[in-house]
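So the structure is just underneath, and the comments pick up after that.
The values are calculated or read from the model by the stated rules, or taken from the named source; none is laboratory data. This structure is a prediction, so every number in the text was calculated from the model and none was measured. A quick note on method: Cβ atoms are made from the backbone with ideal geometry, for glycine too, and the neighbour counts reach across all protein chains shown.
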Amino acid sequence: MSPPAITASAQPAIYVYEAPLRIWHWVNALSVLVLCVTGYFIGSPLPTMPGEASDHFLMGYIRFAHFTAGYIFAIGFVFRIYWALVGNKHSRQVFFPPFFSKDWWGGVWHEWKWYMFFAGEPRKYSGHNPLATLVMFFVLVWGTIFMIITGFALYGEGTQAGSWAHTMFTSWVVPLFGQSQDVHTWHHLGMWVIIVFAMTHIYVAFREDIMSRQSLISTMVSGWRMFKDDRDVDDGR
Amino acid sequence: MIESFYDVMRRQGITRRSFLKYCSLTAAAMGLGPTFAPQIANAMENKPRIPVLWLHGLECTCCSESFIRSAHPLVKDVILSMLSLDYDDTIMASAGHEAEAIIDETIEKYKGNYILACEGNPGLDEGKTGGMSCIIGGRPYTEQLRKAAKDAMAIISWGSCASWGCVQAARPNPTRATPIHKVPDIGTAPIIKVPGCPPIAEVMTGVVTYILTFGKLPSLDRQGRPLMFYSQRIHDKCYRRPHFDAGQFVEKFDDESARRGYCLYKVGCKGPTTYNACSTVRWNGGLSFPIQAGHPCIGCSEDGFWDKGSFYDRLTNIPQFGIESNADRIGGTAAAVVGVATAAHAAGSVLKRAQQNKQHKGEQE
């Protein structure tokens, strides 16, 4: 009953995720976790604290954790963009989906069929599969940009006019959305998009680690992609 | 020659001593240093008073009510004597055609030198009812507004009606009530927004005094609000802020926390998203403001505050997703759906895997 052992493949493993990218992935995951938990409690605070106000700083600490994790999230993303420029070809993949490649869209469709149980066998990829690339591009890349922009716009409201966050973000984001409350609401919705993404991402990573023809979870730890069979990879389609 | 403010004040029996006090107070209210008090006094003494036309569209007159309650009596005397000399149909003595004639006269006489103060907004429902939702002197208000706006030095949008639309512009906005800056053909006069429902009296008089003193509009933010009163949130200067930071909240209106005066965030306070001076200037002569009275801020000076669901919810409604929906309900539902779908998918995957393994075994045998 055991799945085909990874070591059974004669196809050599490929070094896909370089160390800085892997570190970014896990730091980012941790910051997102902190951001979602603290963000939720900023929107819906914990039950009221007893005693003197001067004895507590609960909301202050929650907000501090949120802002710190936000800075890590944003700086990490800037680093991620930098790594897309200097890293290997896999580091650029989620930033530039080949939208004009018909083969690639065919790959998206095939991957969809695989997830919908219509395809008997998935294709084999050294990097992300086309559907993953598409989702990563719209949700991870643009979702992150959206959350960084709205996040710093809200942060700038507290640091007030004259602060860098206010000048760079709040001053134009709030008028763009209409008013501060709308920015809060959309930032909050963005959190749920990220939660849904994370749920799907983790589930699919486990599923594909078992069901697909290549390694996944261990790859984001060690960087090496291993294959379960000897046939050629389907990169590019 | 047009009278100066000082002339008007003296005529009303105000002593020079009181006048100078007023100048110092106004300088302080506007956040200016003490050295500006003589500058204000000088302006008041020498500059001819700026005529103001105060027009009323679709509104509730709360702006006027607030304005005439300006705490410092001198402010009221000064500004009101200026306004009543020109046009404000709610509080002026004359009425009918006589009153309406004043508008034409002022526009004619002070072309490009008067301030147009708009309280309320026009209903642009032309086509359906022909702009009939606001008629002044037998003509649609939009006509009067455009005419007065054309030659104005500046336009002050008093209150949330003129600034954003306010309750008469709430969905579905049957009269197409439109804030002043969005009225077509309104002209090129700069528009300064003084939102609030109503705006704070001292803020209103402060804006007028600034324009008079310095002969220009105060510096505005990107949305056209004077920075000196609208650059900070209620939350930033709220006296209940320590309770917010400590995590001490009113859970319901009649609980122990409410009696202790804890933060009203959880009962829907919009202080963290509302730019206004309530927590510093306060109301009724600095007596109090809503949060001090134990009620959450409803965000009345923010655009669209009337269409965001209950005043008592922290997470506001998102009407695009149906009635009574907020970010948590939408996101929570989405997450639950995805969670169930994932579980179902996992079950399907297990079945498929079992099937594959069976096949695999069959092939090997």
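Results for (1) farther than 30 Å from B:Gln356 by Cβ; (2) touching an Asp or Glu at 6+ places or on another chain (Cβ under 9 Å), shown as yes or no for each residue.
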residue	(1), (2)
A:Ile72	yes, no
A:Ile81	yes, no
A:Phe96	yes, no
A:Phe99	yes, no
A:Asn129	no, yes
A:Met136	no, no
query = Restricting the search to segment A:31-45, which residues are within 13 Å of B:Asp245 (Cβ to Cβ) and either touching a His at 6+ places or on another chain (Cβ under 8 Å) or surrounded by fewer than 17 Cβ atoms within 10 Å (Cβ to Cβ) (or both)?
reply = A:Ile42
Residue check, B:Trp283 closer than 13 Å to B:Gly196 by Cα and away from chain A (no Cβ under 14 Å) = yes
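Does A:His90 satisfy the criteria of being crowded, with 17+ Cβ neighbours inside 10 Å and in contact with a helix residue (DSSP H, G or I) (Cβ under 9 Å, 6 or more places away or on another chain)?
Against the criterion (crowded, with 17+ Cβ neighbours inside 10 Å and in contact with a helix residue (DSSP H, G or I) (Cβ under 9 Å, 6 or more places away or on another chain)), A:His90 qualifies.
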Residues satisfying the stated conditions in segment B:208-246, i.e. of a type in the set (Val, Ile, Thr) and either farther than 26 Å from A:Thr159 by Cβ or surrounded by fewer than 23 Cβ atoms within 10 Å (Cβ to Cβ) (or both) = B:Val208, B:Thr209, B:Ile211, B:Thr213
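Residues checked against (1) part of a helix (DSSP H, G or I); (2) more than 17 Å from the chain's Cα centre (by Cα); (3) modelled with pLDDT of 90 or more; (4) at the interface with chain B (Cβ under 8 Å from one of its Cβ atoms):
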site: A:Gln11; (1), (2), (3), (4): no, yes, no, no
site: A:Cys36; (1), (2), (3), (4): yes, no, yes, no
site: A:Ser54; (1), (2), (3), (4): yes, yes, yes, yes
site: A:Phe67; (1), (2), (3), (4): yes, yes, yes, no
site: A:Ile75; (1), (2), (3), (4): yes, no, yes, no
ask   = Got a number for residues in segment A:199-236 being surrounded by fewer than 16 Cβ atoms within 10 Å (Cβ to Cβ), in a loop (DSSP other than H, G, I, E, B), on the phi < 0 side of the Ramachandran plot and not acidic (Asp, Glu)?
value = 1
ask   = So which of B:Arg329, B:Arg314 ends up being at pLDDT below 90 and facing another protein chain (nearest Cβ under 7 Å)?
value = B:Arg314
ask   = Can you find a residue in segment A:183-198 that is among the β-branched types (Val, Ile, Thr), in a helix (DSSP H, G or I), in contact (Cβ under 8 Å) with a residue 40 or more places away in the chain and at the interface with another protein chain (Cβ under 8 Å from one of its Cβ atoms)?
value = yes
query = Which condition number in (1) of a type in the set (D, E, K, R); (2) part of a loop (DSSP other than H, G, I, E, B); (3) surrounded by 14 or more Cβ atoms within 10 Å (Cβ to Cβ) is the one that A:Glu111 fails?
reply = (2)
key: Failed criterion for A:Gly156 (all others in (1) within 13 Å of chain B (Cβ to nearest Cβ); (2) touching a residue at least 60 places away in the same chain (Cβ under 8 Å); (3) crowded, with 17+ Cβ neighbours inside 10 Å; (4) out of contact with any Asp or Glu (no Cβ under 8 Å at 6 or more places or on another chain) hold)   = (2)
remark   = The residue that is surrounded by the most Cβ atoms within 10 Å (Cβ to Cβ), considering only those in segment B:247-268 that are more than 10 Å from chain A (Cβ to nearest Cβ) and out of contact with any His (no Cβ under 8 Å at 6 or more places or on another chain), is B:Val267
task = Scan segment B:187-209 residue by residue and report those that are of a type in the set (A, V, I, L, M, F, W, C), in contact with a strand residue (DSSP E or B) (Cβ under 9 Å, 6 or more places away or on another chain) and not in a helix (DSSP H, G or I).
result = B:Ala189, B:Ile191, B:Ile192, B:Val194, B:Ile200
message = Whether any residue in segment B:318-337 is touching a residue at least 24 places away in the same chain (Cβ under 8 Å), part of a loop (DSSP other than H, G, I, E, B) and either surrounded by fewer than 19 Cβ atoms within 10 Å (Cβ to Cβ) or hydroxyl-bearing (Ser, Thr, Tyr) (or both) is what I want to check.
response = no
ask   = What are the residues in segment A:118-136 that are surrounded by fewer than 17 Cβ atoms within 10 Å (Cβ to Cβ) and in contact with a Lys or Arg (Cβ under 6 Å, 6 or more places away or on another chain), if any?
value = A:Ala119
